[in-house]
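The values are calculated or read from the model by the stated rules, or taken from the named source; none is laboratory data. In this text the structure is predicted, and so the values were computed from the model without any measurement. Neighbour counts are summed over all protein chains in view; Cβ atoms, including those assigned to glycine, are modelled from backbone coordinates with ideal geometry.
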Amino acid sequence: MLVRHLVSFLVFCLVLSISLGAAAAGEVEMRKVPVAKGLASHPVNGGRCLISDGEYQYIAFYDGDHQMTLGKRKLSETKWDFAKLPERVGWDTHNKIVLFQDREGHLHVTGNMHCAPLRYYRTQKAGDIHTFEPIHTWAGDYENRVTYPTVFKLRDGSIYMMYRHGGSGNGMRILLGYDEQTRKWTKTVPVLTNGMDRKPTCNAYPIGLLEDKNGTWHIAWCWRETPDVITNFDICYAKSLDRGATWKGWDGQDLELPITPENAHLAESNKQDSGLMNGGSFAVDNQGLPYVGYTRFDEDGYNQLYVATPAGGEWKVIQLTDWKHRFYFHGRGTIPERPPTPRISITADQKILVSYSNRYAGIPEGQLVLTREQLLTGKPDQFTPEQAVDSAPRIANIRAVNRGSLPAGFTHYMQQQTDSPNRDRKPEDARQPTMIYVVEVKTLR
């Protein structure tokens, strides 16, 4: 009997040490820890929803009944404790859950919003998922049409939140800071970007908000004029030396707030219907130099990868690829398939790593590793992409990467198999719930 229960427990936990072969940092091992079954009709689970504090791990997801669920476990164990919040999601893939922890150990959850009133919960006791209380307010205004809450944590642990008020093609961006002592949110400026008070209206879609090693904030974004993705235009940039109170262009000129398309600092001017996709990627090196990665059409109408970075006091736009394929996308809602978009990061030796997924490319899962000089002087398709070698792309259906403290050598991922987005509508044949896993990857030195 004892053996049978032990075997059942091990099967349930799927504590499988699986060799993944050689990776860039050496051999790695993986084990999969089941969490629970979650909503799988569309990829609404994922994003910033998996965190840890060195002792415990926390996860947020929608269960098979569409209900917002929080899980907690000791990192050394596989058993989860669960709590439910009174939130049920429909079919909108925008309504992802955002989970984070402040420096006092309190957990914060927000989500299930797409142009909807703010939903926000915070624990009364540090780390206790059974003490979430509804707050449903931050600074008190511009909170009736909330979308895309995004947490911005500084190196010292300070917490900021950025979100959109309004709708796609008609909105503004609000930036807030959190005070653990007063447990209150305060706006850094009344409004950061605003496209609601112009004709035609528009809104900013941030590509990234980062802090460099000197404490300077960097943000990049594009604009959109209507809910249709083809109306994306212009790549813009701003930086702040005082934690969001004032903003400048790369040239050092002060930007009038709120920032609009008329007074923004341009990295590249792009017309609408030029294949510009919102949601590129953004990185800053140890010299404080920003790199904005995005996709748009080239002169022949083919999708290409681009990086914009300042050089010689001006922005230089580099076309990385010379693909001969056109993927045209348009329409409202979460689109089922996206064009290839560059994922930019800075390596330990300060090279620019650009990875991508493109089934029509010679190497469908590829990456370029370039020095800054190579990036600035290279020609399209000059550098042959390498096969991606990091562990993450070789784990299917990754939905989130753990944020926070883990034992040395470990990286954790949230994994779930789901259907593709259905433009935020109920599918005709909705997929049944599927198991959510935490995949623990250990690098063997």
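Among the candidates Thr186, Thr226, Thr216, Thr182, single out the residue that is modelled with pLDDT of 95 or more, more than 18 Å from the chain's Cα centre (by Cα) and under 20 Å from Cys115 (Cβ atoms).
Result: Thr226 is the single residue among Thr186, Thr226, Thr216, Thr182 that is modelled with pLDDT of 95 or more, more than 18 Å from the chain's Cα centre (by Cα) and under 20 Å from Cys115 (Cβ atoms).
All conditions but one from (1) surrounded by fewer than 23 Cβ atoms within 10 Å (Cβ to Cβ); (2) under 22 Å from the mean Cα position of the chain (by Cα); (3) in a loop (DSSP other than H, G, I, E, B) apply to Gly71; the one that does not is (3).
Any residue at all in the stretch 148-164 that is at pLDDT 95 or above, buried (at least 16 other Cβ atoms within 10 Å of the Cβ) and of a type in the set (Gly, Ala, Ser)? Yes, the stretch 148-164 contains at least one residue that is at pLDDT 95 or above, buried (at least 16 other Cβ atoms within 10 Å of the Cβ) and of a type in the set (Gly, Ala, Ser). Checked against the criterion of being surrounded by 15 or more Cβ atoms within 10 Å (Cβ to Cβ), more than 25 Å from the chain's Cα centre (by Cα) and assigned to a loop (DSSP other than H, G, I, E, B), the stretch 382-399 has at least one qualifying residue.
Return the residue satisfying two criteria in turn: it lies in the stretch 330-344 and is exposed (fewer than 15 other Cβ atoms within 10 Å of the Cβ), out of contact with any helix residue (DSSP H, G or I) (no Cβ under 6 Å at 6 or more places or on another chain) and not charged (D, E, K, R), and of such residues it is modelled with the highest pLDDT.
That would be Gly331.
For beta carbons closer than 6 Å, sequence separation of 6+ or different chains, a first residue in the stretch 206-230 that is closer than 16 Å to Thr147 by Cα and a second that is in a strand (DSSP E or B) and of a type in the set (Asp, Glu), the qualifying pairs are Trp223/Asp234. Counting only residues that are within 16 Å of Tyr205 (Cα to Cα) and more than 24 Å from the chain's Cα centre (by Cα), how many does the stretch 229-257 have? Going through the stretch 229-257 one residue at a time, the tally reaches 0. Residues of the stretch 131-147 that are surrounded by 20 or more Cβ atoms within 10 Å (Cβ to Cβ) and either modelled with pLDDT under 95 or in a strand (DSSP E or B) (or both): Phe132, Val146. I'd like the residue in the stretch 74-100 that is among the charged types (D, E, K, R), part of a loop (DSSP other than H, G, I, E, B) and under 30 Å from Ser420 (Cβ atoms) and, out of all such residues, is modelled with the lowest pLDDT. Selected residue: Asp92.
For the stretch 263-307, taking the residues that are part of a strand (DSSP E or B) and of a type in the set (Ser, Thr, Tyr), the one that is nearest to the chain's Cα centre (by Cα) is identified as Ser281. Restricting the first member to the stretch 161-179 and to residues that are free of Cβ contacts under 8 Å to residues at least 24 places away in the same chain, and the second to residues that are aromatic (Phe, Trp, Tyr), the beta-carbon pairs closer than 6 Å and six or more apart or on different chains are Tyr163/Tyr148; His165/Tyr142. Condition check: among the acidic types (Asp, Glu) and under 30 Å from Gln287 (Cα atoms). Does Asp381 satisfy that? Yes.
For beta carbons closer than 6 Å, sequence separation of 6+ or different chains, a first residue in the stretch 295-321 that is farther than 17 Å from Pro342 by Cα and at pLDDT 95 or above and a second that is of a type in the set (Gly, Ala, Ser) and surrounded by 20 or more Cβ atoms within 10 Å (Cβ to Cβ), the qualifying pairs are Trp315/Ala267; Trp315/Ala308. Is there a residue being among the aliphatic types (A, V, I, L, M) and part of a strand (DSSP E or B) anywhere in the stretch 371-378? The answer is no, given that none of the residues of the stretch 371-378 is among the aliphatic types (A, V, I, L, M) and part of a strand (DSSP E or B).
Yes/no matrix, rows are residues, columns are (1) assigned to a strand (DSSP E or B); (2) free of Cβ contacts under 8 Å to residues at least 12 places away in the same chain; (3) over 20 Å from the mean Cα position of the chain (by Cα):
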position	(1), (2), (3)
Gly404	yes, no, no
Thr411	yes, no, no
Met414	yes, no, no
Thr418	no, no, no
Arg423	no, no, no
Arg431	no, no, yes
Val439	yes, no, no
Lys442	yes, no, yes
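Restricting Arg122, Arg103 to those that are among the basic types (Lys, Arg), in a loop (DSSP other than H, G, I, E, B) and within 28 Å of His165 (Cβ to Cβ) reduces the list to Arg103. Any residue in the stretch 274-296 that is within 21 Å of Pro380 (Cα to Cα), surrounded by 16 or more Cβ atoms within 10 Å (Cβ to Cβ) and basic (Lys, Arg)? Within the stretch 274-296 (the criterion being within 21 Å of Pro380 (Cα to Cα), surrounded by 16 or more Cβ atoms within 10 Å (Cβ to Cβ) and basic (Lys, Arg)), the answer is yes, since at least one residue qualifies. Going through (1) touching a Ser or Thr at 6+ places or on another chain (Cβ under 6 Å); (2) modelled with pLDDT of 90 or more; (3) among the small types (Gly, Ala, Ser) one by one, Ala348 falls short only on (1). Test Asp212 against the stated conditions and say whether it is surrounded by fewer than 19 Cβ atoms within 10 Å (Cβ to Cβ), closer than 21 Å to Gly288 by Cβ, touching a strand residue (DSSP E or B) at 6+ places or on another chain (Cβ under 9 Å) and not β-branched (Val, Ile, Thr). When the stated conditions are applied, Asp212 passes them.
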